[in-house]
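I have placed the structure first, in the form of structure tokens, so that the comments after it can refer back to it.
The values are calculated or read from the model by the stated rules, or taken from the named source; none is laboratory data. These numbers were taken from a predicted model, which means no experiment stands behind them. Positions of Cβ are backbone-derived with ideal geometry, glycine not excepted, and every protein chain shown enters the neighbour counts.
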Amino acid sequence: MLELRLVQGSLLKKVLDAIKDLVTDANFDCSESGFSLQAMDSSHVALVALLLRSDGFEHYRCDRNLSMGMNLTNMSKMLKCAGNDDIITIKADDGGDSVTFMFESPSQDKVSDFEMKLMDIDSEHLGIPETEYHAIVKMPSAEFARICRDLSTIGDTVVISVSKDGVKFSTSGDIGSANVVCRQNNSVDNKDNETVIEMNEPVSLTFALRYLNSFTKATTLSNTVTLSMSKELPVVVEYKIAEIGHIRFYLAPKIED
Amino acid sequence: ASFQNTIKMYFDED
């Protein structure tokens, strides 16, 4: 028996909006520690890892570990039927072939339930080791989204370079080239507006902008984003989800021939 | 020219 009650149901709606274009089908894994998902995009270039910790739910009952295969397009269709202020409860029986999403309006005067069929998904689960990254950049998520969107009008790839001077985003294409440099700044009145760079050694990696743009669909989940980079490793683009967890996107770099 | 790696080149299967 599984019963997870999330008071801030809009978070789940935003999570689905953030990943449904990158991943079609995925297994949601439920254990006593939390509700999680790990999935790759169809070309296996990017990986998304979601964690919603059990203590972030108002009520969290998970009698035994459960993996529920869901089509994210269909799940998103159902969650779109929840109001932004609604409380969402996810319910499933052990060994059942469906999941129920229950939506309660804040004043409790409207209660809906939507039952969705589960599917068998044969997915690979990758082990992601804890890594000390060469450079970690924390910046406003809207700024990162703006840069990715702007640069993708010029080129297909971006070189992200972190040095003591700041973080530089560079692209080039048929019509020309562009560089955006963000320097470390400290905002006295609003930590969310800060750009903070922790660097052990300079790092420069090339990525497909198409994927980074897809990741920025998570911008509504957090005011800040963290980019963790090491030489010859996938970048980690992380959005914290309120007090409850995180969504991390891993993107393999492009290597020059 | 650049080559797009896959994520599976970096992480092993659990």
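Inspect segment A:113-125 for any residue being over 25 Å from A:THR220 (Cβ atoms), at pLDDT 95 or above and among the basic types (Lys, Arg) and give the result as yes or no. Scanning segment A:113-125, I find at least one residue that is over 25 Å from A:THR220 (Cβ atoms), at pLDDT 95 or above and among the basic types (Lys, Arg), so the answer is yes.
Within segment A:167-194, restricting attention to residues that are modelled with pLDDT of 95 or more and of a type in the set (Gly, Ala, Ser), the residue that is nearest to the chain's Cα centre (by Cα) is A:SER170.
Every test in (1) under 23 Å from A:LEU16 (Cα atoms); (2) buried (at least 20 other Cβ atoms within 10 Å of the Cβ) is passed by A:MET229 save one, and that test is (1). Strands (runs of 3 or more DSSP E) fully within segment A:186-242 that include at least 3 residues being under 17 Å from A:VAL158 (Cβ atoms), in contact (Cβ under 8 Å) with a residue 12 or more places away in the chain and of a type in the set (Val, Ile, Thr): A:235-241. For segment A:238-257, the candidate set comprises residues that are surrounded by 18 or more Cβ atoms within 10 Å (Cβ to Cβ) and closer than 15 Å to A:SER161 by Cα; within that set, the residue that is nearest to the other protein chains (Cβ to nearest Cβ) is A:LYS254.
Conditions (1) of a type in the set (Gly, Ala, Ser); (2) over 18 Å from B:MET9 (Cβ atoms), marked per residue:
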{"site": "A:MET199", "(1), (2)": "no, yes"}
{"site": "A:THR206", "(1), (2)": "no, no"}
{"site": "A:LEU209", "(1), (2)": "no, yes"}
{"site": "A:THR216", "(1), (2)": "no, yes"}
{"site": "A:THR219", "(1), (2)": "no, yes"}
{"site": "A:SER222", "(1), (2)": "yes, yes"}
{"site": "A:THR226", "(1), (2)": "no, yes"}
{"site": "A:ILE255", "(1), (2)": "no, no"}
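Every test in (1) under 20 Å from the mean Cα position of the chain (by Cα); (2) within 14 Å of chain B (Cβ to nearest Cβ) is passed by A:ALA142 save one, and that test is (2). Sort out which residues of segment A:120-158 are hydrophobic (A, V, I, L, M, F, W, C) and free of Cβ contacts under 8 Å to residues at least 40 places away in the same chain, and write them in order of number. Across segment A:120-158, the qualifying residues are A:ILE147, A:ILE154.
Taking (1) within 14 Å of another protein chain (Cβ to nearest Cβ); (2) under 20 Å from A:MET116 (Cα atoms) in turn, A:LEU16 satisfies each apart from (1). Could you list all residues from segment A:234-249 that are among the aliphatic types (A, V, I, L, M) and at pLDDT below 95? Of everything in segment A:234-249, just one residue is among the aliphatic types (A, V, I, L, M) and at pLDDT below 95, namely A:ALA242.
Conditions tested, residue by residue: (1) surrounded by 18 or more Cβ atoms within 10 Å (Cβ to Cβ); (2) touching a Lys or Arg at 6+ places or on another chain (Cβ under 6 Å); (3) more than 14 Å from every other protein chain (Cβ to nearest Cβ).
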residue: A:ALA92; (1), (2), (3): yes, no, yes
residue: A:GLY95; (1), (2), (3): no, no, yes
residue: A:SER105; (1), (2), (3): no, no, yes
residue: A:ASP113; (1), (2), (3): no, no, yes
residue: A:SER123; (1), (2), (3): no, no, no
residue: A:GLY127; (1), (2), (3): no, no, no
residue: A:GLU132; (1), (2), (3): no, no, yes
residue: A:VAL137; (1), (2), (3): yes, no, yes
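Residues that are crowded, with 20+ Cβ neighbours inside 10 Å, more than 12 Å from chain B (Cβ to nearest Cβ), of a type outside the set (A, V, I, L, M, F, W, C) and closer than 20 Å to B:ASP12 by Cα within segment A:19-43 comprise just one, A:ASN27. For A:SER172, indicate whether it is closer than 30 Å to A:LYS13 by Cβ, among the small types (Gly, Ala, Ser) and assigned to a strand (DSSP E or B). So A:SER172 fails the test.
Test A:SER161 against the criterion of being surrounded by 16 or more Cβ atoms within 10 Å (Cβ to Cβ), farther than 25 Å from A:SER42 by Cα, of a type outside the set (Phe, Trp, Tyr) and touching a residue at least 40 places away in the same chain (Cβ under 8 Å), and give yes or no. It is true that A:SER161 is surrounded by 16 or more Cβ atoms within 10 Å (Cβ to Cβ), farther than 25 Å from A:SER42 by Cα, of a type outside the set (Phe, Trp, Tyr) and touching a residue at least 40 places away in the same chain (Cβ under 8 Å). Restricting the first member to chain B and to residues that are within 7 Å of another protein chain (Cβ to nearest Cβ) and of a type in the set (A, V, I, L, M, F, W, C), and the second to residues that are part of a loop (DSSP other than H, G, I, E, B) and exposed (fewer than 11 other Cβ atoms within 10 Å of the Cβ), the beta-carbon pairs closer than 9 Å and six or more apart or on different chains are B:ALA1/A:ASP257; B:PHE3/A:ASP257; B:PHE11/A:PRO129.
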